[in-house]
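Visitor: Pasting in a structure now, in structure tokens, and then I'll have a few things to ask.
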Amino acid sequence: MTAVPAFAAPAAGVPLERTTIERRPVGENDVLIEIKYVGICHTDIHHVRDDWGRGGFPLVPGHEIAGVVAEVGPGVTGYQVGDRVGVGCMVDSCRKCENCRNGLEVYCTGGGLVATYADTMRYTDGAPTQGGYSTHIVVDERFVLGIPEGLPLEQAAPLLCAGITTYSPLRHWNAGPGKKVAVIGLGGLGHLGVKFAHALGAEVTVLSQSLRKKDDGLRLGADHYYATSDPKTFEELAGTFDLILNTVSASLDGDAFLSLLRIDGTMVYLGIPEKPVSANVGSLMMGRKSIASSGIGGIPETQEMLDFAAANGIGADVEVISADEIEQAYDRVLRSDVRYRFVIDNSTI
Ligand code: NAP
Ligand code: ZN
Ligand code: ZN
């Protein structure tokens, strides 16, 4: 075991503080990563505030990890010391079920994925998992991603969660030329959703609470930008979209947004509100519409996304902060004042 510096929330709702945590010795198939940057995902804040009651304190958040390989186990074949690598939201799964065998580890039915933090290594030693607000992490190479040259590490880190979470549904629901895609919420997920949808060739509309970030939205690749606080938006855009990605974690009026779908359109919930989502059946019936959801993406698709991002010059728009600024960054994320992902410089941990 090796003790490494980290930032942890000691209990629910308590500010994060500097501490040390233990990382397991580098095993046969393990990669030791020196973490250079970690993104601040809204999910980190949900966990630290215990919004979902999952506990797991003391808790080291962070599942948008980018760094450099510092050591590899003897059985590792895909990575070597010095490689640029990333780790996202999961660090293990059963590896045997149908979904795992198909590279959809996120949907593991053989016991579930092991989350990068606030979980336990239930298929191996049962140790608690601790995330990327730390200087190093040890991960089995099956859950390590390669970060292509040309993609700066700080811009790559948010792709490991926010990037794949938007890329995967865009691919699954065939966003591309001739398709009209709306993205609700221009935050961490939303801004990458706009970039990917645009790069895939779709016509992209941002549905934001206000027009405050309109210039940014258009610069990021949106063709249109509307404020959902203006009731005229819902009249003007009725029956427009093939696909809506909802990245908002607050509860929204489901029926109002379903009215914006055209026939056979799908609204994909990516944000995770505390309350169940609801809609009138009539809002789905008249237009054969669907409500769906999607969780991050499997490991092979995450690699595909990173390669696509590098080939298309896509990285996250980031504000790099020191670890001492985490609390201020959390406050700004909660106020929707993030442009568009805070990324911690791990050398400050
Ligand atoms: P974020 O950076 O805070 O962005 C969310 C955006 O939602 C905000 O920028 C804001 O955009 C909009 N918004 C916030 N409060 C709102 C409100 N009360 N009403 C309407 N719009 C509001 O968060 P994020 O990191 O992108 O994460 C978003 C959600 O996705 C979180 O719930 C997170 O847990 C979840 N998530 C899910 C997955 C998955 O696998 N499905 C993966 C990662 C994260 P505007 O200012 O433009 O309106
Ligand atoms: Zn996340
Ligand atoms: Zn499985």
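The values are calculated or read from the model by the stated rules, or taken from the named source; none is laboratory data. Keep in mind that what you see is a predicted model, and the values were worked out from it rather than measured. Reconstructed Cβ throughout: ideal geometry from the backbone, glycine too, with neighbour counts over all protein chains shown.
Visitor: Is there a residue in region 90-103 that is touching a Lys or Arg at 6+ places or on another chain (Cβ under 9 Å), more than 16 Å from ligand 3 (Cβ to nearest atom) and not β-branched (Val, Ile, Thr)?
Guide: No - not one qualifying residue is present in region 90-103.
Visitor: Could you identify the single residue in Ala316, Ala279, Ala309, Ala329 that is more than 16 Å from ligand 2 (Cβ to nearest atom), outside any strand (DSSP E or B) and not assigned by TED's automatic domain parsing to the domain that holds Ser210?
Guide: The unique qualifying residue is Ala309.
Visitor: For region 13-44, give me each residue that is at pLDDT 95 or above and small (Gly, Ala, Ser).
Guide: Within region 13-44, Gly27, Gly39 meet the criteria.
Visitor: Another one. Could you grab me the full set of residues in region 104-119 that are more than 10 Å from ligand 3 (Cβ to nearest atom) and either of a type in the set (A, V, I, L, M) or more than 18 Å from Gly132 (Cβ to Cβ) (or both)?
Guide: Correct list: Val114, Ala115, Ala118.
Visitor: Now, a different point. Hand me the list of strands (runs of 3 or more DSSP E) wholly inside region 1-113 holding 1 or more residues that are in contact with a helix residue (DSSP H, G or I) (Cβ under 9 Å, 6 or more places away or on another chain), among the hydrophobic types (A, V, I, L, M, F, W, C) and surrounded by fewer than 17 Cβ atoms within 10 Å (Cβ to Cβ).
Guide: Passing ranges, in order: 65-72.
Visitor: With respect to the numbered conditions (1) in contact (Cβ under 8 Å) with a residue 12 or more places away in the chain; (2) surrounded by fewer than 18 Cβ atoms within 10 Å (Cβ to Cβ), which one is the sole condition not fulfilled by Ile244?
Guide: Single failed check for Ile244: (2).
Visitor: Just checking, does region 124-140 include any residue being among the β-branched types (Val, Ile, Thr), within 16 Å of ligand 3 (Cβ to nearest atom) and either more than 21 Å from Leu306 (Cβ to Cβ) or surrounded by 24 or more Cβ atoms within 10 Å (Cβ to Cβ) (or both)?
Guide: Yes, that holds for at least one residue.
Visitor: Would you confirm whether or not region 333-345 contains a residue that is within 16 Å of ligand 1 (Cβ to nearest atom), within 16 Å of Gly163 (Cβ to Cβ) and part of a loop (DSSP other than H, G, I, E, B)?
Guide: yes
Visitor: Another question about this same structure. Kindly indicate the residue of region 201-210 that is closer than 8 Å to Tyr225 by Cβ and near ligand 1 (Cβ under 10 Å from one of its atoms) and also surrounded by the most Cβ atoms within 10 Å (Cβ to Cβ) among those meeting that condition.
Guide: If we take residues in region 201-210 being closer than 8 Å to Tyr225 by Cβ and near ligand 1 (Cβ under 10 Å from one of its atoms), then Val206 is surrounded by the most Cβ atoms within 10 Å (Cβ to Cβ).
Visitor: Kindly provide the set of residues from region 330-349 that are of a type in the set (A, V, I, L, M, F, W, C) and farther than 17 Å from Ile35 by Cβ, ordered by number.
Guide: Val333, Leu334, Val338
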